[in-house]
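**Student:** Quick one: the structure is below, questions incoming.
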Amino acid sequence: MSSVPAESNEELKENSANWLPWVLVPMLILIGIGLRFAGLGLRSWDMKDFLLDWYNELAKHGYVAFREPFSNYTPPYLYMLYVMAKTAGFIPKIAAIKLPSICFDFLNAFLVYRILRIRYPQGATAWIGASSFLLLPTVLLNSAYWGQSDAIYTCFLLLCIFFLMKNQPLMAMIFLGVSFSFKAQAAFIGPLILLLIIKKKIPWHYLGIVPLMYALMMIPAAVIGRPVIDLLTIYARQAGTYQVLSLDAPNIYLLVPNIPYHSGLIIGLATTVLIALAWTTIYAGKIKKFTPQTTLLCALVAVAFMPFFLPKMHDRYFYLADVLSFLVAFYFPKRWWLALGYQVVSGLAYFVFLHSSITTTRVQPPLGLGILISAAVINTILMGFVFWNQWKLTDRSAEDNHVSPT
């Protein structure tokens, strides 16, 4: 019997490696589209309690509705909702509310591709990563099932991080300002921005771009008649809405439930500021050179520890950590378990909320609290590993003059 030449086996492997991604990538994209289509009809509690009322207000009164604070969200999101309200009659309300966020899922997938292309300029890895991103459970659930808009501000924050990785601070700060105009959670990246200012990677006066972009995004609502002071204090009013230290956020406050609210608020804010300043000071001295890998890793650490230590966080506020840990898994393949860990942490918090939306009954308090405490414990362990891994990887970067991608 004649054996197959070794060259033929190599050719088969090479051909398989060439065509397999182009089958896998479209398949992942189609699955992502199908799963999102399946969730369009789900009416979450946020949809029932808030989003449908805002949609109806805009559908009934049109742009005149912007004169009054009918929503506790900033106008940029409501501009999109206003456009979708114009589709009343041929797109179901719930689907219309969810579609902008779903569209941003796909824009974010493209940005994931661009960020991964920095690390993998050749081959199909960036394509596979981008298409796989569409199947991240919390990304999928947030937009298509919950109907939330975290994908929107995250899109502009990913643009900010992309331009930071490309050493273009002006563009980065512009997109940070746009992101902040949608959601205050964009501020979670603040410790990284401070670190880069200290390292002279961002001119300090570029900080003024953030409030400037926020103000520019408010102009349409102000022109229509919304008081300017009202537009400038939206986040302050949001902060005073709920007087609890954790709104089902799987962070440290679930593990110390008996702290009085006002004492916990002061201690929590002070602790977060001190940790952010300590982290910034330590790594300003420790990091000698900022590479794309270093910037991405620092971004993940910042968006992980800010909602972990800050009080008054919501269950969805680790969305940025979910997204950036996925990117870090491609830049540092041995740290893939960080991405898995954040999916578990956020997924447990999502389950408690979405289970009640699907079954129309709230999860029983002992069970729901037990799930959330489990998520908080896992998150605490994960937070320790995130800090430890950054320390270890930056030690290596001091030796190699760059952060190793392994």
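The values are calculated or read from the model by the stated rules, or taken from the named source; none is laboratory data. Bear in mind that the values here come from a model prediction, so they are computed numbers and not experimental data. No Cβ is skipped: glycine too gets one built from the backbone with ideal geometry, and neighbour counts run over all protein chains shown.
**Student:** Looking at (1) outside any loop (DSSP other than H, G, I, E, B); (2) under 16 Å from residue 315 (Cβ atoms); (3) aromatic (Phe, Trp, Tyr), find the lone condition where residue 235 falls short.
**Tutor:** (2)
**Student:** Can you tell me which residues in segment 189-232 are in a helix (DSSP H, G or I), over 25 Å from the mean Cα position of the chain (by Cα) and of a type in the set (Gly, Ala, Ser)?
**Tutor:** Listed by number, the residues that qualify are 221, 222.
**Student:** Find the residue count for segment 359-395, including only residues that are modelled with pLDDT under 90, surrounded by fewer than 13 Cβ atoms within 10 Å (Cβ to Cβ) and part of a helix (DSSP H, G or I).
**Tutor:** So the count comes out to 6.
**Student:** Examine segment 234-250 for a residue that is over 30 Å from residue 353 (Cα atoms) and either at pLDDT 95 or above or not assigned by TED's automatic domain parsing to the domain that holds residue 73 (or both), and state whether such a residue exists.
**Tutor:** First, pick out the residues of segment 234-250 that are over 30 Å from residue 353 (Cα atoms): none.
Scanning segment 234-250, I find no residue that is over 30 Å from residue 353 (Cα atoms) and either at pLDDT 95 or above or not assigned by TED's automatic domain parsing to the domain that holds residue 73 (or both), so the answer is no.
**Student:** Can you report the number of residues in segment 246-290 which are touching a Ser or Thr at 6+ places or on another chain (Cβ under 8 Å) and surrounded by 13 or more Cβ atoms within 10 Å (Cβ to Cβ)? First the steps, then the outcome.
**Tutor:** First, the residues of segment 246-290 that are touching a Ser or Thr at 6+ places or on another chain (Cβ under 8 Å): 250, 252-255, 283, 286-289.
Next cut, surrounded by 13 or more Cβ atoms within 10 Å (Cβ to Cβ) only: 250, 252-255, 283, 286-287.
Summing the residues that are touching a Ser or Thr at 6+ places or on another chain (Cβ under 8 Å) and surrounded by 13 or more Cβ atoms within 10 Å (Cβ to Cβ) in segment 246-290 gives 8.
**Student:** Among the candidates 156, 133, 90, which residue alone is surrounded by fewer than 22 Cβ atoms within 10 Å (Cβ to Cβ) and of a type in the set (Phe, Trp, Tyr)? Steps first, please.
**Tutor:** On the way: 156 fails: surrounded by fewer than 22 Cβ atoms within 10 Å (Cβ to Cβ); 133 fails: surrounded by fewer than 22 Cβ atoms within 10 Å (Cβ to Cβ).
90 is the lone residue from the list that is surrounded by fewer than 22 Cβ atoms within 10 Å (Cβ to Cβ) and of a type in the set (Phe, Trp, Tyr).
**Student:** Within segment 248-263, how many residues turn out to be polar (S, T, N, Q) and assigned to a helix (DSSP H, G or I)?
**Tutor:** As a first pass, look at segment 248-263 and keep what is polar (S, T, N, Q): 251, 258, 263.
Still in the running and assigned to a helix (DSSP H, G or I): 263.
Number satisfying all stated conditions: 1.
**Student:** Based on what the data block shows, is residue 161 on the phi < 0 side of the Ramachandran plot, outside any helix (DSSP H, G or I) and not basic (Lys, Arg)? Spell out how you get there, then give the answer.
**Tutor:** Numbers: on the phi < 0 side of the Ramachandran plot: yes; outside any helix (DSSP H, G or I): no; not basic (Lys, Arg): yes.
The answer is no for residue 161.
**Student:** Would you check which residues across segment 331-343 are more than 18 Å from residue 157 (Cβ to Cβ) and either among the acidic types (Asp, Glu) or surrounded by 18 or more Cβ atoms within 10 Å (Cβ to Cβ) (or both) and list them?
**Tutor:** Restricting attention to segment 331-343, the residues satisfying the condition of being more than 18 Å from residue 157 (Cβ to Cβ) are 332-338, 340-341, 343.
Scanning segment 331-343 gives 332, 335, 338, 341, 343.
**Student:** Another question, if that's okay. When you go through 283, 342, 317, 350 one by one, which is the residue that is in a loop (DSSP other than H, G, I, E, B) and not acidic (Asp, Glu)?
**Tutor:** Numbers: 283 fails: in a loop (DSSP other than H, G, I, E, B); 342 fails: in a loop (DSSP other than H, G, I, E, B); 350 fails: in a loop (DSSP other than H, G, I, E, B).
Every option except 317 fails the conditions.
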